[in-house]
Amino acid sequence: MNMLALVHFLSFLCYLFMIAFVLYKNPKALLNRICALLLLCFVIWSFGIIFLSNGALPKNTVRFIIYATSIGWFSFAGFALLFILGFTKKEKLLKSKLTYVLIFLPVLVFYYKEWMGLLQADFIKQPYGWTYVWAENAWPPIFYVYYSVVMLSGLFTTFIFSRGTGRKRERKQANAILVTTFISLVLGSVSNVILQEMHIYRFPPLADVFCLIFVGGFIYAITRYGFMAINPATAAENILATMDDVLLLIDTDNKIVNANQAASDLLGYEKKELIGKAVDGIFSQGEYTKRLDELKQKVIIKDYDALYHTKSGSTIPVSLFMSLLKDKYNELAGIVCIARDMRDIKRLMEKEKDLAAATAAAEVEKKRSAELEKAYTELSSAQAQLVQSAKMAGLGQLSAGVAHEINNPLGGILGYAQFILSKIERPDFTLDSFKTCKEYLGHIERESQRCKKIVENLLNFSRKSPDVFQPVDLKVTMENTLSIIRHSLETKNIKVTTDYDGAVPLIQGNANQLQQVFTNMIINAQHAMQQGGELNIYVKPAQDGDRKMVHAIFKDTGCGIPKENLERIFEPFFTTKGGDWKSVGLGLSICYQIIEQHKGKIIVDSEVGKGTTFTIALPVEQ
């Protein structure tokens, strides 16, 4: 690659860089896109001239490449004029189809004539490479006239704009473009047209290089005066496109004329479906008309609760902001509706309604946080005492049965001990007699172990336990419970049967608290069967969706619970047992609390006159 080809290659790279730079500044702006197309013309033009500078290439190859890339230098004047029309805000001309026909129809004709050899007729070799020879016919002058008229029109438009704009920044931008464009135009015309027409070929065509002056003016205007950066209108468009709130622009005929992406996402419509749609289809029936009458009096409505209707037919609560748009004659031109999706906020508000008054007050009045914390501590302490009191009350109810459970083995122990003493005191006491005593001593040991087990279970039940969860075998917990209460049931003529599944997994829980729950369930069943009955107890694995569970089931044949009381049995102090000290109505409430702490639930099924089934469902893993 010789020096001249290197210069054209560098120009090619500069134009590519400028395309990336302009699109990076603001890829959505129309002006930036036109500028990118203009620079693309220079890229194509410079690419072809690189091969023109290579004298080693055959003439036909050079001819083909130059003809193919000539679309670049045929088109750049037209794109330059479009760019200037955009810069000077000639929007009507940019929107007119006639403008594009007048600018680009001649380009297609020139491109066709180029391939016919009616513009660049021949190529001759020079020391720096190849150069072209303009044809001796009317088409080159026609191209010169087109090129001159288009470029001078652009320069004149820029000059008028720079004198008429009241903004200093735009005037500086226009002057920078005007000067650099004029310099590039003059130097390029001399290099590629005038010298070539005068058959002076010692100087290579450098118009594509001189156009870098024009590009330099762009860079100066961009870096110095913020040319082609995001302007307020573009910024507003980008903000509307990315804002999370729903925006609808409504005309005086109550039709939607514009909507942002958030509106499409919330309502389920494509943007093209929303445009032209009657806004009454979005609001509830008659709601928009009512708000419009109010809006005409107030001009602005803020934080108004409304319902939006989606394409699928569902309704979405929104907080609405509405404002009137008026024209320069102070007449109604349209309405802006901005809505915020309130579904998440509504859900939070519903949850807040369930909070205690003390908690709500603490959130509003942070100064009372210390008092609320103290109250919470006292409440927790009282709750723990209440649980322990309920446990001790249950213990009192169990005392008679426990005493009998212990009395039976103690009677046996006493009898065996007296028998052994009488044997030892007899003069005929022999070794065989000692063997008989040994058998009785074994009975004493077994009965003592039985008493010890009953006392241990009773102590464990009555003892305050820390809120520590450990692996618990519900079958063992159930048997420990029955060991201290079974006799009480039998004295009431209540038959107890148990059915434990062999594959019951361990759960994470507090064995002492669960024993308290099981005790309460059994005592309740006992109270429900005043004339005796059957209590069937089951422990088995279960499934709740994806969660592995263990069910402890208590099924009695008692009097049952009336339907109107089923929803209240877990309320504190609710009872149907009368007014003695045993019936304060805390048992099931505390059971509910304990099971809830274990992430479980209590299911009740009851029929008056037939009995009640309590199912305690506990998760295997917390």
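The values are calculated or read from the model by the stated rules, or taken from the named source; none is laboratory data. In this text, all values refer to a predicted model and were calculated from it rather than measured experimentally. Neighbour counts are summed over all protein chains in view; Cβ atoms, including those assigned to glycine, are modelled from backbone coordinates with ideal geometry. Ligands, DNA and RNA are stripped out before the accessible areas are found, and what is left, the full protein with its side chains, is counted by its heavy atoms. Shrake-Rupley method; radii C 1.70, N 1.55, O 1.52, S 1.80 Å.
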Considering (1) at pLDDT 90 or above; (2) out of contact with any helix residue (DSSP H, G or I) (no Cβ under 7 Å at 6 or more places or on another chain); (3) more than 13 Å from Met521 (Cβ to Cβ), say which one Lys601 fails and leave the rest. (2)
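Out of region 606-622, which residues are at pLDDT 90 or above and surrounded by fewer than 20 Cβ atoms within 10 Å (Cβ to Cβ)?
So the first thing to find is which residues in region 606-622 are at pLDDT 90 or above, and the list is 606-620.
Those that are at pLDDT 90 or above and surrounded by fewer than 20 Cβ atoms within 10 Å (Cβ to Cβ): Glu607, Val608, Gly609, Lys610, Thr613, Thr615, Ala617, Pro619, Val620.
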Just checking: which of the helices (runs of 4 or more DSSP H) contained wholly in region 1-95 hold 3 or more residues that are touching a Gly at 6+ places or on another chain (Cβ under 6 Å)? 30-52, 59-87
Among the residues of region 518-545, what is the count of those that are assigned to a helix (DSSP H, G or I), in contact with a strand residue (DSSP E or B) (Cβ under 9 Å, 6 or more places away or on another chain) and open to solvent by 20 Å² or more (accessible area, probe 1.4 Å)? 3
In this structure, does Ile84 turn out to be over 19 Å from Gly217 (Cβ atoms), of a type in the set (A, V, I, L, M, F, W, C) and open to solvent by 10 Å² or more (accessible area, probe 1.4 Å)? no
Out of region 50-70, which residues are more than 18 Å from Trp115 (Cβ to Cβ) and in contact with a helix residue (DSSP H, G or I) (Cβ under 7 Å, 6 or more places away or on another chain)? Ile50, Ser53, Asn54, Leu57
Would you please name the residue that is nearest to Ile84 (Cα to Cα), looking only at residues in region 15-33 that are among the hydrophobic types (A, V, I, L, M, F, W, C) and surrounded by fewer than 20 Cβ atoms within 10 Å (Cβ to Cβ)? Leu30
Against the conditions (1) closer than 22 Å to Val149 by Cβ; (2) crowded, with 19+ Cβ neighbours inside 10 Å, where does Ile49 fall short? Just the number, please. (1)
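Among the residues of region 56-70, what is the count of those that are of a type outside the set (Val, Ile, Thr), open to solvent by less than 20 Å² (accessible area, probe 1.4 Å) and over 20 Å from Leu82 (Cα atoms)?
Residues in region 56-70 being of a type outside the set (Val, Ile, Thr), open to solvent by less than 20 Å² (accessible area, probe 1.4 Å) and over 20 Å from Leu82 (Cα atoms): 1 in total.
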Specify the residue that is farthest from Ile553 (Cα to Cα); the eligible residues are those in region 506-517 that are buried (at least 23 other Cβ atoms within 10 Å of the Cβ) and touching a strand residue (DSSP E or B) at 6+ places or on another chain (Cβ under 8 Å). Gly509
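Restricting attention to region 288-304, which residues are in a helix (DSSP H, G or I) and either out of contact with any helix residue (DSSP H, G or I) (no Cβ under 9 Å at 6 or more places or on another chain) or open to solvent by less than 40 Å² (accessible area, probe 1.4 Å) (or both)?
Applying the first criterion (in a helix (DSSP H, G or I)) to region 288-304 yields 288-298.
Those that are in a helix (DSSP H, G or I) and either out of contact with any helix residue (DSSP H, G or I) (no Cβ under 9 Å at 6 or more places or on another chain) or open to solvent by less than 40 Å² (accessible area, probe 1.4 Å) (or both): Tyr288, Lys290, Arg291, Leu292, Asp293, Glu294, Leu295, Lys296, Gln297, Lys298.
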Of the residues in region 241-283, how many are more than 16 Å from Ala339 (Cβ to Cβ) and among the aliphatic types (A, V, I, L, M)? 4
Yes/no for Lys89 being surrounded by fewer than 18 Cβ atoms within 10 Å (Cβ to Cβ), more than 21 Å from Ala176 (Cβ to Cβ) and not aliphatic (A, V, I, L, M): no
Could you list, in sequence order, all residues of region 305-340 that are exposed (fewer than 13 other Cβ atoms within 10 Å of the Cβ), in a strand (DSSP E or B) and at pLDDT 90 or above? Thr315
